[in-house]
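Engineer: Structure in structure tokens, see below.
The values are calculated or read from the model by the stated rules, or taken from the named source; none is laboratory data. Note that the structure is predicted; figures quoted are calculated from it, not measured. Note: ideal-geometry Cβ built from the backbone for every residue, glycine included; neighbour counts use all protein chains shown.
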Amino acid sequence: MLKEFRQKTALITGAASGLGLEFALLAAEYGMNLLLVDINPQALEVVRQRVQELTKRNGASCNYFVADVSDPVAMTSLAERIQAEHIIPNLLMNNAGVVGGGLIWEHTTQEWERVLKVNLWGVINGVSVFTPLMLEEAKKDSNWQGHIVNTSSMAGLLTPPNMGIYNVSKHAVVALTETLYQDLRLVSSQLSASVLCPYFVPTAINQSFQEASLNTTRSQIISKQMLDKAVGSGKVSAQEVALKVFEAIALDQFYIFSHPQALGNVQKRMQSILDNIQPPDPFASRPELGVELRRALQMLESG
């Protein structure tokens, strides 16, 4: 577990935008040394300009790495480069992600691979290459503290329709992180883990929708339109989520929610499992959304 942040080191993937950017800015405010990873070199340069004054003011450092988190070779190479500099992250934030939606049977193999590679394999690769280094550091120093945060989604606890490809990737991240937490408890008291499950937060993640959909279908267009509307109307900012995450890390809190009020839907889903009944209506609290989606999809089928 990680109780203090100043002069500790944070490695953040997907650091050039959205939640990743806010994590980087807040970590810099807290005086952390930064290892920022993103696939977009131009966006990383913009981030550098934003955080360099903060790190300089706090006597911290910041290094930037262009890497594809979905590529295990690239992530292994990244770990080797960082280890060669004798830098081991105290805080690992596996945050990079993309979104995809549409009727689940319409996704191509390429679309499944795209979303799962980033959202799931990006986390798997981060955990696989950096956890052993962090555990080794803990063995060397009994005062060393570390924490891993994997970004999932409320879609990792719910099953909203017309978002199946995204749901699958994020459910897997929840299962992975719960297991990671239990496994760490078997071997170390110095390293812990959390899973972040944000709901609709205004970020640029919905812009990755088209990248994930190589052959856009009409159901995917409908999904993107509804996602754009939901994300754009989000009332909790990425900055507020970042604050919640760092507070949770300091408390060694496992589940981190941006919108705790949405947990009623999770409770209903869990109760349907315990009662062995059909999954609950995901639009029970907002029936107009279900009507809108059904009408749009039925028009699609009849058209």
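Engineer: Which numbered condition in (1) of a type in the set (Ser, Thr, Tyr); (2) in a loop (DSSP other than H, G, I, E, B); (3) over 30 Å from MET32 (Cβ atoms); (4) modelled with pLDDT of 95 or more is the only one that THR216 fails?
Structural biologist: Checking THR216 against (1) of a type in the set (Ser, Thr, Tyr); (2) in a loop (DSSP other than H, G, I, E, B); (3) over 30 Å from MET32 (Cβ atoms); (4) modelled with pLDDT of 95 or more, the one that fails is (4).
Engineer: Tell me which of these LEU243 doesn't satisfy, since it passes every other one: (1) in a loop (DSSP other than H, G, I, E, B); (2) touching a residue at least 24 places away in the same chain (Cβ under 8 Å); (3) touching a Leu at 6+ places or on another chain (Cβ under 8 Å).
Structural biologist: (1)
Engineer: Can you pull out every residue in segment 131-165 that is touching a strand residue (DSSP E or B) at 6+ places or on another chain (Cβ under 7 Å) and over 15 Å from SER188 (Cα atoms)?
Structural biologist: VAL149, ASN150, THR151, SER152, SER153, MET154, ALA155, GLY156, LEU157, ASN162
Engineer: Take THR76 and tell me if it is modelled with pLDDT under 95 and hydroxyl-bearing (Ser, Thr, Tyr). Show your work before the answer.
Structural biologist: Working: modelled with pLDDT under 95: no; hydroxyl-bearing (Ser, Thr, Tyr): yes.
No: the conditions fail for THR76.
Engineer: Tally the residues that are among the charged types (D, E, K, R) and touching a Gly at 6+ places or on another chain (Cβ under 9 Å), restricting the search to segment 128-153.
Structural biologist: Just the residues of segment 128-153 that are among the charged types (D, E, K, R), to begin with: 136-137, 139-141.
Narrowing further to those that are touching a Gly at 6+ places or on another chain (Cβ under 9 Å): 137.
Of the residues in that region, 1 qualify.
Engineer: Tell me, which residue of segment 114-137 that is surrounded by 20 or more Cβ atoms within 10 Å (Cβ to Cβ) and among the small types (Gly, Ala, Ser) is farthest from ARG81 (Cα to Cα)?
Structural biologist: For segment 114-137, the residue satisfying everything is GLY122.
Engineer: May I ask you to list the residues in segment 251-278 that are in a loop (DSSP other than H, G, I, E, B) and closer than 30 Å to ASP183 by Cα?
Structural biologist: To start, the set of residues in segment 251-278 that are in a loop (DSSP other than H, G, I, E, B) comprises 252-254, 258-259, 275-278.
Within segment 251-278, ASP252, GLN253, PHE254, SER258, HIS259, ASP275, ASN276 meet the criteria.
Engineer: Follow-up question, since we're still on this one. I need the full set of residues from segment 120-162 which are of a type in the set (D, E, K, R) and part of a helix (DSSP H, G or I), in order please.
Structural biologist: From segment 120-162, those of a type in the set (D, E, K, R) are 136-137, 139-141; that's our starting set.
Within segment 120-162, GLU136, GLU137, LYS139, LYS140 meet the criteria.
Engineer: What about ARG50, is it in contact (Cβ under 8 Å) with a residue 24 or more places away in the chain and over 24 Å from LEU120 (Cβ atoms)?
Structural biologist: Yes: the conditions hold for ARG50.
Engineer: Go over the candidates GLU53, GLU45, GLU29, GLU22 one by one and state the one that is surrounded by 18 or more Cβ atoms within 10 Å (Cβ to Cβ), more than 28 Å from SER142 (Cβ to Cβ) and charged (D, E, K, R).
Structural biologist: Numbers: GLU53 fails: surrounded by 18 or more Cβ atoms within 10 Å (Cβ to Cβ); GLU45 fails: surrounded by 18 or more Cβ atoms within 10 Å (Cβ to Cβ); GLU29 fails: surrounded by 18 or more Cβ atoms within 10 Å (Cβ to Cβ).
Going through GLU53, GLU45, GLU29, GLU22 in turn, just one is surrounded by 18 or more Cβ atoms within 10 Å (Cβ to Cβ), more than 28 Å from SER142 (Cβ to Cβ) and charged (D, E, K, R): GLU22.
Engineer: Can you find even one residue in segment 164-182 that is surrounded by 24 or more Cβ atoms within 10 Å (Cβ to Cβ) and part of a loop (DSSP other than H, G, I, E, B)?
Structural biologist: no
Engineer: Taking the criterion of being touching a Lys or Arg at 6+ places or on another chain (Cβ under 6 Å) and closer than 28 Å to GLU240 by Cβ, would at least one residue in segment 84-91 satisfy it? Break it down into steps so the answer makes sense when it comes.
Structural biologist: Taking segment 84-91 and keeping what is touching a Lys or Arg at 6+ places or on another chain (Cβ under 6 Å), we get 90.
With the extra rule that they be closer than 28 Å to GLU240 by Cβ, the set shrinks to 90.
Yes, that holds for at least one residue.
Engineer: Then there's this: Of the numbered conditions (1) in contact with a strand residue (DSSP E or B) (Cβ under 6 Å, 6 or more places away or on another chain); (2) at pLDDT 95 or above; (3) among the hydrophobic types (A, V, I, L, M, F, W, C), VAL51 fails exactly one; give the number of that condition.
Structural biologist: Unmet for VAL51, out of (1) in contact with a strand residue (DSSP E or B) (Cβ under 6 Å, 6 or more places away or on another chain); (2) at pLDDT 95 or above; (3) among the hydrophobic types (A, V, I, L, M, F, W, C): (2).
Engineer: Could you run through segment 76-109 and say how many residues are part of a helix (DSSP H, G or I) and in contact (Cβ under 8 Å) with a residue 40 or more places away in the chain? Break it down stepwise before answering.
Structural biologist: Step one: of segment 76-109, the residues part of a helix (DSSP H, G or I) are 76-84, 104-106, 109.
Going one step further and asking which of them are in contact (Cβ under 8 Å) with a residue 40 or more places away in the chain, we end up with 76, 78-79, 82-83, 104, 106.
Of the residues in that region, 7 qualify.
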